[in-house]
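The values are calculated or read from the model by the stated rules, or taken from the named source; none is laboratory data. Values in this document were obtained by computation on a predicted structure and should not be read as measured data. Note that we place each Cβ from the backbone using ideal geometry, even for glycine, and neighbour counts take in every protein chain shown. Please note that ligands, DNA and RNA were not included when accessible areas were found on the heavy atoms of the full protein model with its side chains. Shrake-Rupley method; radii C 1.70, N 1.55, O 1.52, S 1.80 Å.
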Protein chains: 4
Amino acid sequence: VERGRLEAFSDGVIAVAITLLALNLFIAGPGHGPLITQLSDRWPSFVAYLISFLTIGIVWVNHHELIRQMVVDRIVLFVNLFLLMFVVLIPFATGTMAAYLTSGDADAHLSMALYILVLMGMAIAFGLLFGLSLRHRASAFLALPKGVQRFVIFRFTAGNAAYVVALIVAFISPPIALLIVGIVAVYYVFDNTSRYLVPGSAD
Amino acid sequence: VERGRLEAFSDGVIAVAITLLALNLFIAGPGHGPLITQLSDRWPSFVAYLISFLTIGIVWVNHHELIRQMVVDRIVLFVNLFLLMFVVLIPFATGTMAAYLTSGDADAHLSMALYILVLMGMAIAFGLLFGLSLRHRASAFLALPKGVQRFVIFRFTAGNAAYVVALIVAFISPPIALLIVGIVAVYYVFDNTSRYLVPGSAD
Amino acid sequence: VERGRLEAFSDGVIAVAITLLALNLFIAGPGHGPLITQLSDRWPSFVAYLISFLTIGIVWVNHHELIRQMVVDRIVLFVNLFLLMFVVLIPFATGTMAAYLTSGDADAHLSMALYILVLMGMAIAFGLLFGLSLRHRASAFLALPKGVQRFVIFRFTAGNAAYVVALIVAFISPPIALLIVGIVAVYYVFDNTSRYLVPGSAD
Amino acid sequence: VERGRLEAFSDGVIAVAITLLALNLFIAGPGHGPLITQLSDRWPSFVAYLISFLTIGIVWVNHHELIRQMVVDRIVLFVNLFLLMFVVLIPFATGTMAAYLTSGDADAHLSMALYILVLMGMAIAFGLLFGLSLRHRASAFLALPKGVQRFVIFRFTAGNAAYVVALIVAFISPPIALLIVGIVAVYYVFDNTSRYLVPGSAD
């Protein structure tokens with residue numbers, strides 16, 4: 001029951017956040033120039049929608065696989081809230097980043113850095129949740145051979161390292177920083193390291 | 001458990017998207033002309049609300065019948081995310097289409113084409129999910145006689161073909177294109193081909 | 001499973017709709033006159049929030065008791081969608097009504113009539129769902145003595161009759177029409193006729 | 001089943017409300033001054049987001065622990081709706097408060113008082129729900145030693161008392177009032193008095 005309601009609440013928050021992403025796409029409408037111009041001027045919003053949707057989607061998939069093997073107590077509930085606090089910030093951070101991506105000045109750097117910081121906050125919260133899952137003997141992770149454990153941690157760390165790189169690049173070229181974030185998302189779609197966390201599915 | 005959480009998340013996203021549709025109905029309010037004019041000028045928004053609500057509703061009903069008989073793995077999770085990515089775009093595409101439907105110029109064509117492309121994306125993603133359901137022997141579809149299988153695929157393809165026709169018509173007469181989309185929605189309310197997908201209910 | 005997902009989706013839609021009601025309360029903010037004036041000018045929004053929240057809340061409670069004893073098939077799914085289509089319209093209808101309530105002209109009449117029509121649509125859809133619940137022998141309602149059945153139907157019809165009265169009054173005095181809608185809501189909080197629908201709870 | 005759907009609906013409403021909090025963060029965008037100025041001028045929005053997110057999060061955690069041991073009847077459903085009515089008001093109250101926090105005039109006092117009144121309404125509704133949980137012998141609370149019962153009630157009352165203090169302080173120094181609300185939130189993260197309410201977990 002504990003776990004069920006944690007999942008239901010998390011699914012609810014993630015579902016609302018992922019849907020609110022599309023609010024950033026709404027255009028001004030008639031009387032604000034040809035539609036084709038309005039849409040093409042907003043290409044950063046569409047690219048940002050795609051990348052943020054994928055990123056939240058991956059967090060949902062991995063959250064789902066991680067929680068399945070966790071003992072849910074009060075600490076887990078609050079660390080999960082900490083994770084959701086960053087998830088909820090993503091539509092705001094995505095919209096701000098997309099609005100300034102092509103401004104070509106300091107605002108483009110700042111808004112991209114803000115976006116990446118929110119994603120890093122989310123990744124760190126997810127890491128904390130993963131850390132909490134190791135407290136219990138029943139952890140599927142702890143049952144893995146040491147070599148595989150190191151491999152899982154390496155993969156996991158790789159994503160965070162890429163975000164650090166993207167954060168630095170944000171101050172040089174915001175579009176390239178966004179590209180890195182997009183590559184991380186695509187990478188995690190194909191990387192199924194988290195399967196090692198699910199008992200009986202790592203075959 | 002896997003399937004339960006996939007359903008819960010999908011239901012959440014679809015529920016939020018279907019509810020956000022109504023945001024497109026909000027009028028400017030006092031000081032923007034008589035209410036009756038404001039409302040009647042916006043008839044495309046009301047028609048579009050009806051059609052998009054029905055379309056998302058049907059996707060929910062069919063999604064629900066399809067998932068019930070599926071083995072949920074990581075590939076299904078991501079194809080499902082791909083489906084939801086289009087569902088989430090519907091309030092935006094509906095609002096944009098309704099805003100330009102009566103503009104009588106190229107913007108009406110473009111916004112209608114955008115709307116239909118989003119619906120086609122959703123239909124294609126649904127088709128992929130259906131395809132994935134055939135991988136497993138337990139698939140209710142595969143247990144059907146060949147003739148019924150062909151019939152199910154024909155019905156399914158019919159909807160997609162109608163969207164292709166609507167897409168072409170969008171560049172000639174956007175209101176007729178919308179009418180086609182509406183007919184497809186009404187058709188799928190009465191067509192219960194998907195009952196063949198549910199074990200024991202195809203009697 | 002069928003019923004579970006119908007409930008989950010309905011709960012999701014109702015939860016989003018009830019929460020979006022509060023969007024109508026947002027004020028213009030600094031630079032638009034003293035806050036006390038902004039808030040007191042908007043008293044209709046607060047009263048409307050209260051009444052609509054209560055009305056949607058009652059629909060949720062009764063929906064929940066009705067669905068519990070129903071056999072869920074494709075027809076029920078679509079009638080339920082029809083019900084939700086009106087629920088989703090409530091934040092829009094509430095906001096429009098509140099914006100014009102004190103305008104003192106034809107717009108006040110029209111917006112109140114629109115609001116009541118949406119509530120009536122919801123009540124009719126709920127009645128259809130109730131009617132569908134009678135198709136099956138297992139219906140708790142059908143097991144009741146005839147006298148109690150007539151009593152339940154009377155109570156149920158009373159609410160709809162009050163909405164018809166309110167609709168007429170909307171064209172004379174919108175605030176009194178709103179008062180009637182409010183009384184209906186309060187009445188249904190204390191009326192627990194729907195307990196007769198729940199097997200074993202009508203003691 | 002009763003309890004399950006009450007939890008699902010409450011989780012849905014709380015999830016949407018907590019996510020809508022972030023809507024208050026959206027900035028005006030390009031053409032409204034440097035981004036750094038837009039963001040730093042809005043520091044109250046970010047602080048308010050943090051405090052309201054934490055406060056709603058704690059209500060969710062405690063709601064979850066309280067409902068687990070309750071017998072859900074019609075009265076509980078409506079008291080729960082009363083609680084949710086305040087939860088739904090939080091994004092509006094948070095946004096208004098943040099918009100006026102630094103205005104330095106009567107509006108700052110009023111908007112902070114409004115914010116705290118909404119939180120107090122929520123706390124009172126939660127207290128009513130707690131009171132309802134005592135009606136039944138099975139209540140984990142009633143099984144506690146008298147001394148622990150008094151301790152639980154003291155802790156619970158402490159939060160409400162702090163809100164009363166904050167309400168008074170709102171008319172002297174709004175930022176200090178917000179600080180008190182923030183301290184209450186942080187206090188309840190670390191206070192796990194509610195564990196006494198969960199059978200078998202108070203060790």
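For helix A:146-169, report the angle its Cα long axis makes with the longest principal axis of the Cα atoms of chain A; keep it between 0 and 90° and round to the nearest 10°. Helix A:146-169 sits roughly 20 degrees off the main axis of chain A.
Phi-derived couplings, Karplus 6.51 cos²θ - 1.76 cosθ + 1.60 at θ = phi - 60°, listed residue by residue for region C:40-55: 6, 5, 9, 3, x, 5, 6, 4, 5, 4, 4, 5, 5, 4, 5, 5 Hz, with x used for Gly and Pro.
Helix B:74-100 and the longest principal axis of the Cα set of chain B meet at an angle near 20°. Among the residues of B:56-63, the average count of other protein chain beta-carbon atoms within 10 Å of the residue beta-carbon is 4. Ranked from shortest, the separations from the 7 Å Cα-to-Cβ label point of C:ASP41 to its equivalents in the other copies are 2.1, 2.1, 3.0 nm. Between 0 and 90 degrees, the angle of helix D:174-190 with respect to the longest Cα principal axis of chain D falls at about 40 degrees.
Here B:HIS32 sits with roughly 110 square angstrom of accessible surface, probe radius 1.4 Å.
Protection proxy ranking for B:147-158, B:120-131, using the average of other Cβ atoms within 10 Å per residue and placing the highest first: B:120-131, B:147-158. Here, chain D yields an orientationally averaged convex hull projection of 12.5 nm² when only Cα atoms define the hull.
Quick check for me: using +1 on Lys/Arg Cβ and -1 on Asp/Glu Cβ, what's the dipole size of the protein assembly as shown about its Cα centre, in debye to the nearest 20?
Values: 44 positive and 40 negative charges, 485 e Å.
Result for the protein assembly as shown is approximately 2340 debye, rounded to the nearest 20.
Dividing the summed -39500 (n - 2.57) terms of all DSSP H runs of n ≥ 4 by the residue count of the protein assembly as shown sets its mean residue ellipticity at 222 nm at -25000 deg cm²/dmol.
Label positions at B:PHE171 and C:HIS32, each projected 7 Å from the Cα along the C-beta direction, are separated by 4.4 nm. Taking every residue in A:23-36 and counting other chain Cβ atoms within 10 Å of its Cβ, the average works out to 5. A dipole drawn for chain D from +1 and -1 charges on Cβ atoms has a positive end, and of D:ALA161, D:VAL79, D:ALA123 the residue lying farthest that way is D:VAL79.
Normalising by the residue count of region B:10-157, find the relative contact order in percent from Cα pairs under 8 Å and 6+ residues apart. Kindly include the intermediate steps, with their values, before the conclusion.
Values: 112 pairs, mean separation 40.8, N = 148.
Relative contact order, region B:10-157: 28 percent.
Taking amide H as placed 1.01 Å from N in the peptide plane, C:ARG42 has no amide H partner under 5 Å among residues 5 or more places away or on another chain. In order along region D:15-31, the Karplus-derived 3J(HN,Hα) couplings, from 6.51 cos²θ - 1.76 cosθ + 1.60 at θ = phi - 60°, round to 4, 5, 4, 5, 7, 5, 3, 5, 4, 5, 8, 4, 9, 5, x, x, x Hz, and Gly and Pro are given as x. Each other copy places its own label point for C:VAL71 at 3.3, 3.3, 4.6 nm from this one, sorted shortest first, where the point lies 7 Å along the Cα-to-beta carbon line. When +1 charges are put on Lys and Arg Cβ atoms and -1 charges on Asp and Glu Cβ atoms, the dipole computed for region D:15-120 relative to its Cα centre reaches about 220 debye.
Heavy atoms only, probe 1.4 Å: what % of the accessible area of region B:3-143 goes to carbon and sulfur, would you let me know? Walk me through the numbers before you get to the answer.
Values: 2980 of 4340 Å².
Answer for region B:3-143 is 69 percent, counting heavy atoms of protein chains only.
For the protein assembly as shown, what is the accessible area per residue in Å² when the probe is 1.4 Å? List each step's numbers first, then the result.
On the way: 31290 Å² over 812 residues.
For the protein assembly as shown, the solvent-accessible area averages 39 Å² per residue.
Using the alpha-carbon positions of region D:36-142, Rg (one decimal) and Dmax (whole number) come out as 17.0, 58 Å. At a threshold of 50 Å², the residues of region C:76-125 that become less accessible to a 1.4 Å probe in the full protein assembly than in their chain on its own are C:LEU77, C:PHE78, C:LEU81, C:MET85, C:VAL88, C:PHE92, C:TYR100, C:LEU110. Here chain B is assigned +1 on the Cβ of each Lys and Arg and -1 on the Cβ of each Asp and Glu. Its dipole about the Cα centre then comes out at about 660 debye.
Remark: spin-label model distance B:LEU134-D:ILE124 equals 6.2 nm, labels positioned 7 Å along the Cα→Cβ axis. Think of the protein assembly as shown as a dipole: +1 on every Lys or Arg Cβ, -1 on every Asp or Glu Cβ, centred on the Cα centre; then among D:MET97, A:LEU20, B:ILE56, B:ILE56 lies furthest on the positive end.
Assuming R0 = 45 Å, what is the FRET efficiency of A:ASN160 and B:ALA106, from their Cβ-Cβ distance, to the nearest 0.05? Could you put the intermediate results ahead of the total?
On the way: r = 47 Å, r/R0 = 1.03.
Given R0 = 45 Å and the Cβ-Cβ separation, E is 0.45.
How fast does the protein assembly as shown diffuse by Stokes-Einstein, in µm²/s, taking the Kirkwood radius from C-alpha pairs at 4 °C and 1.567 mPa s?
Reported coefficient: 46 µm²/s.
Each copy carries B:ALA143; placing its label point 7 Å along the C-beta direction from Cα gives inter-copy distances of 3.1, 3.1, 4.4 nm, listed from smallest up. Computed from the Cβ-Cβ distance with R0 of 45 Å, the FRET efficiency linking B:VAL47 to D:VAL148 stands at 0.15. Buried between B and C is an accessible area of approximately 3000 Å², summed over both sides with a 1.4 Å probe. Residue-normalised convex hull volume from the C-alpha trace of region D:90-157: 93 Å³ per residue.
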